[in-house]
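See below for the structure under consideration.
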Amino acid sequence: MKIKEQLSQNLKEAMIAGEKERRDTIRYLIAQIKNAEIKKQNPLEESEISELLLKQCQQRTESIEAYSEANRSDLVNKEKIELEIIKQYLPKQLTPEEIAELVSASITTLNISSMKEIGKLMSDIMPKLKGKASGKEINKIAMQILNSKS
């Protein structure tokens, strides 16, 4: 089942079950998808929806950190609940080991030997891992691998 269809079905289920946080989070996600489709003037592909959901996860993670520093446990809990709900709709995320394996394969294929070529590596690997891992994590792993080679 496609992500949009799953969201619509789960919205109905959450409304019937009276799950306020889940209902509100799903409504927000549906609105974000619609806004992106309006901006693009075309329906979003599954990979684009996954990317949008990944960005929402990153936003929640950053908010959790900021609220924790401000000792706002009420908001931290709200963001954690939303984060868990959003994660249910993401495709299976790659482990750091899987990412490292793919990055190493790209380094070998592209014959990259120094940190100066990280841009070339990232432009090759990012489309392959779109929606399956965050760019921040991919970059971190790529830099570690390249630093170990130098």
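For every residue, the table says whether it meets (1) β-branched (Val, Ile, Thr); (2) at pLDDT 95 or above; (3) in the same structural domain as Ala133 (by TED's automatic domain parsing); (4) under 20 Å from Glu137 (Cα atoms).
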{"site": "Ala17", "(1), (2), (3), (4)": "no, yes, no, no"}
{"site": "Leu29", "(1), (2), (3), (4)": "no, yes, no, no"}
{"site": "Glu48", "(1), (2), (3), (4)": "no, no, no, yes"}
{"site": "Gln56", "(1), (2), (3), (4)": "no, no, no, yes"}
{"site": "Asp74", "(1), (2), (3), (4)": "no, no, no, no"}
{"site": "Ser104", "(1), (2), (3), (4)": "no, no, yes, yes"}
{"site": "Asn111", "(1), (2), (3), (4)": "no, no, yes, no"}
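Screening Ser114 on (1) over 30 Å from Ser8 (Cα atoms); (2) within 22 Å of the chain's Cα centre (by Cα); (3) exposed (fewer than 13 other Cβ atoms within 10 Å of the Cβ) shows it passes everything except condition (2). Scanning segment 99-111 for residues that are part of a helix (DSSP H, G or I) and surrounded by fewer than 15 Cβ atoms within 10 Å (Cβ to Cβ) turns up Glu101, Ser104, Ala105, Thr108, Thr109, Leu110. Is it the case that segment 73-86 has a residue that's in contact (Cβ under 8 Å) with a residue 24 or more places away in the chain and under 30 Å from Asn147 (Cα atoms)? No.
Go through segment 45-72 and report how many residues are without any contact (Cβ under 8 Å) to a residue 12 or more places away in the chain and among the hydrophobic types (A, V, I, L, M, F, W, C). First the steps, then the outcome.
Initially, segment 45-72 is screened for residues without any contact (Cβ under 8 Å) to a residue 12 or more places away in the chain, giving 45, 55, 59, 62, 65-66, 68-72.
Going one step further and asking which of them are among the hydrophobic types (A, V, I, L, M, F, W, C), we end up with 66, 70.
Here the count works out to 2.
The values are calculated or read from the model by the stated rules, or taken from the named source; none is laboratory data. Predicted, not measured: the structure shown is a model, and the values here were computed from it. Every residue, glycine among them, receives a Cβ derived from its backbone with ideal geometry; neighbour counts consider all protein chains shown.
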